[in-house]
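Engineer: Dropping a structure here in C-alpha cells format, bear with me for questions.
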Amino acid sequence: MSPSRLQFISFLGILTSSHAPAAEEKEPRSSVAAVVIHANQVVYDLKAPKVAVVETAEPLTESVRFRIAGDKGKVFEAPLASGTKCEDWFPGRNFYRMDFSGLAEAGKFHLEIEDKGKTWSSTDFEIGEQALPKLAIPAITGFYKHQRADSKEELEADRQLLLHGSDKRVDLRGGWCDASGDVSKYFSHLAYTRYMCPQQTPLVVWSMVNTLETAGPLLEKMGAKAALQDEALYGAEYLLRSLSDEGYFYMTVFSYFKKDPSERRVVGLLADSKTTDDYQCAFRDGGGMGIAALARISKWKKDAGYLEAAERAFAHLQVNNLKYADDHKENIIDDHCALLAATELWIATEKPEYRDAARDRAAKLIKRQSPEGYFIADGGKRPYWHASDAGLPVLALARYLDKEAESVAREPALAAIRAFLDYQLRVTAKATNPFGYARQSFLFRGEVKDGFFIPHENESGWWWQGENARLGSLAAAAIVGGRLVYPDKAAPYGVKAELGRFAADQVAWILGGNPYDVCFMYEHGKTNVPYMKSMFGHGSGRGGISNGITGKNADGSGIDFHFHANGNEWRWTEQWIPHSAWFLQAVTAMSSSN
C-alpha cells in the first residue's frame, strides 16, 4: 500500500497458483483477438438482468445477432445493441452490449457471435435460481476463515501488543488479515486523509450480520448459516477486544511488513508506513462502524457484553470525536458512520437518546447533498468520492429508515436517497459506457470532474487501487435504496429496471464481465489474478476478491490493469477484505425477497 509495502510485496514475489491456468502468466490484453466476448464467467441469477459485451477490431455487420447455446443447442437469440467506441480506454475498438435478460432457463451456457463465416464463443457460465448467493456466500465465508489472524506467530504476538510510544501492552488477538499481501489488521488505514478513510474490519462484521438477518431463510436452506454466524461472532470478539478501557477502539495492529511477529505494534498510520500514537478511532476511522456492528450483533447474544461495549464506545465518541479526528473537524464519513452507530443502538435498545442522535446525524448527512445529487465531503465543494464505501451514505440512511417511522424525518431521507440514485444513473450514462461501469464525480486540481476511476493524485499522496469494493457498495445501495424510492415488485430485485441493470453490471464486472476478462473472485471463473504470497502461511484465499481495474493517469482517466508491475501489482491483484464485505452486501440485497 505504501512504498515500504511495495518493497515487501516485491520481496515476497507474486507466484502463480497451482489452481490457476498457465495463461495467467500473460499480461491481460497482451494480445487481443479480432472478436472477444466479455461475460460474467461464473453465474447469472435466473430472474436477474443478464448482459455481456462483445468487442471487435472491425465493426460487425448490422444484421449480426448473438445467440446463447447450451448442451441442448441454441436456447436464445437476439440482436446486438448499437456499436460504440471507448476511445479513452481502447482506441479503434468497437463494443456492443448483448442483453439476454429474457432467458429464463437454468443450466450451463455460452454466448456465440457469427459474422462473415466465422464464429466466436465466450467462456461458459451458469444460469440458475439464486445461483449467485448459493455460490458467493459460502465462498466469501470461507475466504474470511482463511483470513483469520490465527497462526501461532500472530496469536502469541497479539496477546501482548505494545502501544506505539508506550510500554503498555494489550491483548488484540483475533480479527482478519487485511489483504493477501498484508497481515496487518485495520479499523481504517487512511485516517490521515480525512475524506478517504475506508471501513475495514468493523465493516466485515456488520456486513455478515446484515446478511444473516436479511437472508436468513436462504442461508438455512443452503446450509450456510452456521458457518457465517461463526465468522461474524469471531469478528465481533475482536471488536470487543479492540475497545480500550478508556472507551475508544484501537485503530491498527501494524506488522511493519516484517517477518518477526514481535515487531507488531498498535499504531496510528500515516503515508509511507510512518506510525504514530494516534491510534484512537474517530467515528470515521472505524469507530462508528465498530459500534454499529457490536450493537447489531448484540441481539443474538445479549449476555456477551456487545451492547454494553457499543454504548460505552458511543458515549465516549460523542464527547471525544473531534479530538480523535485528524483535522479536528467532522466530515461526511463521521456523519454516515455515526448515523449507522446511533441507528443500530436505537434498534437494539429503543432508547430515545439514540433516536435523537440518529435523527441529528441523518439531518447533517442530508444537508451535505449537492443540487446535483452527489454528497459533499468537506462542507465546501469536494464531492464525496470513495474507492470503497461510495454507497455507504445511502445504506446508512436506508438502515435508519428501517427504524424511523415519523414522516417528517422520513421524507427528507427518502428524497436524499432518490436524488443520489438519480445522480448515479445520470453520471454513469453521461459517457460511452458499454459495460455500465459506475462513474463518479471528484475534485481534481480544484475542478469538479466526472470519471470512471478515482484520481491517482489525491489526499493520500500514494493510495489508488482497483475499486471493486466501490462497485459492490453502489450495487447494494441501488437495490436497498431503490426499493425505498423506486420500488417495482414485478422487476428484478424489486426496483425499477434502470437500477436493476446498474447493480447487475457492477457484479458482472467483478465476476469477469470486464474488458480484461479477469474474474476477480479467486479460483472462480476462467481467469484469475496470480497467487500472492504472504507471511505466517497467509496469502491469496479462495473466494476472495482482488482490487481490480484502475484508471491510468493522474486524473483517473484511461484504463489500466497489470499482473506484474515491479512491486506495484498489488494495486490490481491484491485481495482486500472490504471488497468481499461489499460484494456480500450486494449479493444479499439481490437475493432477498422483493
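The values are calculated or read from the model by the stated rules, or taken from the named source; none is laboratory data. Because the structure is a prediction, the values reported are computed rather than measured. A quick note on method: Cβ atoms are made from the backbone with ideal geometry, for glycine too, and the neighbour counts reach across all protein chains shown.
Engineer: If I ask for residues that are charged (D, E, K, R) and free of Cβ contacts under 8 Å to residues at least 12 places away in the same chain, which ones from segment 473-500 would you list?
Structural biologist: Residue satisfying the conditions is 488 alone.
Engineer: Filtering segment 148-188 down to residues that are within 12 Å of residue 250 (Cα to Cα) and within 24 Å of the chain's Cα centre (by Cα), which residue is surrounded by the fewest Cβ atoms within 10 Å (Cβ to Cβ)?
Structural biologist: 186
Engineer: One residue is enough: does segment 456-472 have a residue meeting the conditions on the phi > 0 side of the Ramachandran plot and in contact (Cβ under 8 Å) with a residue 24 or more places away in the chain?
Structural biologist: Among the residues of segment 456-472, at least one is on the phi > 0 side of the Ramachandran plot and in contact (Cβ under 8 Å) with a residue 24 or more places away in the chain, which makes the answer yes.
Engineer: Has segment 126-144 got at least one residue that is within 30 Å of residue 274 (Cβ to Cβ) and either outside any loop (DSSP other than H, G, I, E, B) or out of contact with any Leu (no Cβ under 8 Å at 6 or more places or on another chain) (or both)?
Structural biologist: So far as segment 126-144 goes, yes, one or more of its residues are within 30 Å of residue 274 (Cβ to Cβ) and either outside any loop (DSSP other than H, G, I, E, B) or out of contact with any Leu (no Cβ under 8 Å at 6 or more places or on another chain) (or both).
Engineer: Among the strands (runs of 3 or more DSSP E) confined wholly to segment 34-84, which include 2 or more residues that are under 23 Å from residue 527 (Cα atoms)?
Structural biologist: Fully inside segment 34-84 and qualifying: 35-38, 43-45, 51-56, 65-70.
Engineer: Turning to a different aspect of this structure: Evaluate segment 325-332: report whether one residue or more is part of a loop (DSSP other than H, G, I, E, B), over 27 Å from the mean Cα position of the chain (by Cα) and over 19 Å from residue 236 (Cα atoms).
Structural biologist: Yes, segment 325-332 contains at least one residue that is part of a loop (DSSP other than H, G, I, E, B), over 27 Å from the mean Cα position of the chain (by Cα) and over 19 Å from residue 236 (Cα atoms).
Engineer: Restricting attention to segment 118-137, and to residues there that are polar (S, T, N, Q) and surrounded by 17 or more Cβ atoms within 10 Å (Cβ to Cβ), which single residue is nearest to residue 220 (Cα to Cα)?
Structural biologist: If we filter segment 118-137 for residues that are polar (S, T, N, Q), which is where we start, we get 119, 121-123, 130.
Narrowing the set further to residues that are surrounded by 17 or more Cβ atoms within 10 Å (Cβ to Cβ) leaves 122-123, 130.
Numbers: 122: 34, 123: 32, 130: 14 Å.
Per the stated criteria, the residue is 130.
Engineer: Additional query: Could you grab the pairs with beta carbons closer than 8 Å, sequence gap of 6+ or different chains, first residue in segment 89-100 and over 14 Å from residue 32 (Cα atoms), second one basic (Lys, Arg)?
Structural biologist: If the second residue must be basic (Lys, Arg), the pairs left are 99/50; 100/50.
Engineer: Another question, if that's okay. Filter segment 464-493 down to residues that are within 22 Å of residue 516 (Cα to Cα) and not in a helix (DSSP H, G or I) and give me whichever is nearest to the chain's Cα centre (by Cα).
Structural biologist: Checking each candidate, the answer is 467.
Engineer: Can you tell me which of (1) surrounded by fewer than 21 Cβ atoms within 10 Å (Cβ to Cβ); (2) in contact with a strand residue (DSSP E or B) (Cβ under 8 Å, 6 or more places away or on another chain); (3) closer than 24 Å to residue 40 by Cβ is the one residue 429 doesn't meet?
Structural biologist: Only one criterion is unmet by residue 429, namely (2).
Engineer: Residues of segment 275-312 being outside any loop (DSSP other than H, G, I, E, B), in contact with a strand residue (DSSP E or B) (Cβ under 6 Å, 6 or more places away or on another chain) and crowded, with 24+ Cβ neighbours inside 10 Å, which ones?
Structural biologist: The answer is 287, 290.
Rundown of residues vs (1) surrounded by fewer than 21 Cβ atoms within 10 Å (Cβ to Cβ); (2) modelled with pLDDT of 95 or more; (3) of a type outside the set (Lys, Arg); (4) assigned to a helix (DSSP H, G or I), yes/no style:
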| position | (1), (2), (3), (4) |
| --- | --- |
| 346 | no, yes, yes, yes |
| 353 | yes, yes, yes, yes |
| 359 | yes, yes, no, yes |
| 373 | yes, yes, yes, no |
| 394 | no, yes, yes, yes |
| 413 | no, yes, yes, yes |
| 438 | no, yes, yes, no |
| 454 | no, yes, yes, no |
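Engineer: Report whether or not residue 385 is more than 18 Å from residue 187 (Cβ to Cβ) and assigned to a loop (DSSP other than H, G, I, E, B).
Structural biologist: Values: more than 18 Å from residue 187 (Cβ to Cβ): yes; assigned to a loop (DSSP other than H, G, I, E, B): yes.
So residue 385 passes the test.
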